[in-house]
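Contents: one structure, followed by commentary.
Derivation of every value follows stated rules applied to the coordinates shown; laboratory data play no part. What you see is a predicted model, and the numbers here were worked out from it, not measured in a lab. Note that we place each Cβ from the backbone using ideal geometry, even for glycine, and neighbour counts take in every protein chain shown.
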C-alpha cells in the first residue's frame, strides 16, 4: 500500500470510480467515520499524510491547510466554483486543481427553467396558500394567482457560457420573443461559432427568434422581461446585480439567480421586491448561504410571496451528482496515472 497514492476524503461521495480503485488496491483512503462536513481540525491533522485531497463546497481549504499538506500534488473539489479554496496557495505550490464543470450543466439548466416558470406563475404564493389551509379563502376568480407566460417575452442572460446556452436552448421551445445576453467582453452571436455550439441546433430550428449580444448591462436590464444570472463570481461580478441594475429593470420583470449568491446585492433585491420595482425573483443561491435565518430580509412578509428561494440544489439530480463525484476522483487518478 505504501506505493499507492493516499487520498484524504473529506466526506463520502457517490463515486463508483473511487470504490473500484480502492477495492483494487490502487489507492489508499483516509476517511472519517462520521458523515457531514469535515472539521478544520480533522483536515489539518490528516492532510500531512495525503498526496491528494477531495473536498466539497462544505470544506474550506485555507493557505494554512494547504501548506500543511507537504505531500499534496492535487486538490480536487466536487464543484465548479472554487470560492472555498485558496487558489493562490495552490498555484504557489504548483498543485493541480480539479473541478467538475460540464457534467452538471443539464441539471442546473433544468432548475433554472423551473425557477423561471415558478417565479412567473407565483408558485411560492400559491403553494403557501394550500399548505396553510387557506385555499377556501381564495376562491377561483378570473385573474387569481395569474402570472405572465414565457411566450413572446425577452429573456436576458447575464453571462452566456455553457449553462446559460443550455437554458436558452430549453427556452426556445417556449417561443420567447428575443434572447439577449451580456458577457465580460462583447461577443456577437454567430451560430457557426464554436462559442455557441450548445445553442446551435435549437437556434437553427428557431431562426425567427432573435438572439443578440447586448454589451451594456443596464440596457439588458431595461429590455428584459426575465433576467437570468449565470456568470461566475469574481471581484468584478460581486453585487453586479445592484440597486442601479434593479432600478433599470421593468416593474413587470423577474430576476433569476442560479449562479452564486454574492452576484446579487441582497438588500437591494429585498428593497426592489418590497417596493414593487420588479415583479418577482427565483433564487437557488444567496449571499451568506447556508447560514440563512428566518430574519433574512428576503424571508420577510413583504417579500416572501414574490420570491422563491431554494437551498442551492442546481446540480441535485442523482445523475449529475454521481458524474461530478466520478470526475472529481478522475482528476486524482489521472494525476497519479492510475487506470482501472
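Some points to look at:
- Scattering profile of the range 82-136 at q = 0.24 Å⁻¹ [log10 I(q)/I(0), Debye over alpha-carbon scatterers]: -0.93
- Zone residues, the range 258-277, relative to residue 243, backbone N less than 17 Å from point 7 Å out along Cα-to-Cβ: 264-277
- Rel. contact order, % - alpha carbon contacts under 8 angstrom, at least six apart, the chain: 18 percent
- Directionally averaged projected area (the range 105-309, Cα convex hull): 11.9 nm².
- Once the Kirkwood radius over Cα pairs is known for the range 21-98, the Stokes-Einstein relation at 20 °C and 1.002 mPa s delivers a diffusion coefficient of 166 µm²/s.
- For the range 94-193, the Kirkwood hydrodynamic radius from C-alpha pairs, put into Stokes-Einstein at 37 °C and a viscosity of 0.692 mPa s, yields a diffusion coefficient of 199 µm² per second.
- Compared with the dominant Cα axis of the chain, that is its longest principal axis, helix 105-120 is turned about 30°.
- Taking other Cβ atoms within 10 Å as a rough exposure proxy, 78, 173 sort from fewest to most as 173, 78.
- Evaluated over the range 198-340, the Cα radius of gyration and Dmax, each in Å: 18.6, 59
- Calculated SAXS-style log₁₀ I(q)/I(0) at q = 0.11, 0.17, 0.19 Å⁻¹ - the range 1-160, Debye, Cα scatterers: -0.65, -0.99, -1.16
- The length gained by stretching the chain between residue 151 and residue 340 to full extension, at 0.36 nm per residue less their Cα-Cα distance, is 63.1 nm.
- With both labels modelled 7 Å from their Cα along Cα-to-Cβ, the residue 140 to residue 110 distance reads 3.2 nm.
- Exposure proxy order (Cβ contacts within 10 Å, fewest to most) of 125, 181: 125, 181
- When shorter helices are ignored and each DSSP H run of at least 4 residues is given -39500 (n - 2.57), the per-residue value for the chain at 222 nm works out to -9000 deg cm²/dmol.
- Rounded if a/c under 1.5, otherwise prolate or oblate - the range 236-309, Cα gyration tensor axes: oblate
- Here the spin labels are modelled as points 7 Å beyond Cα on the Cα-Cβ line, and at residue 267 and residue 318 they lie 4.5 nm apart.
- Were the residues from residue 187 through residue 175 laid out at 0.36 nm apart, the gain over their Cα-Cα distance would be 2.0 nm.
- Residues 264, 80, 75, arranged from fewest to most other Cβ atoms within 10 angstrom of their Cβ, appear as 80, 264, 75.
- The modelled label-to-label distance between residue 252 and residue 127, using points 7 Å beyond Cα along the C-beta direction, is 2.6 nm.
- In range of the label at residue 96: residues from the range 312-340 whose backbone nitrogen is under 17 Å from the point 7 Å along Cα→Cβ: 325-340
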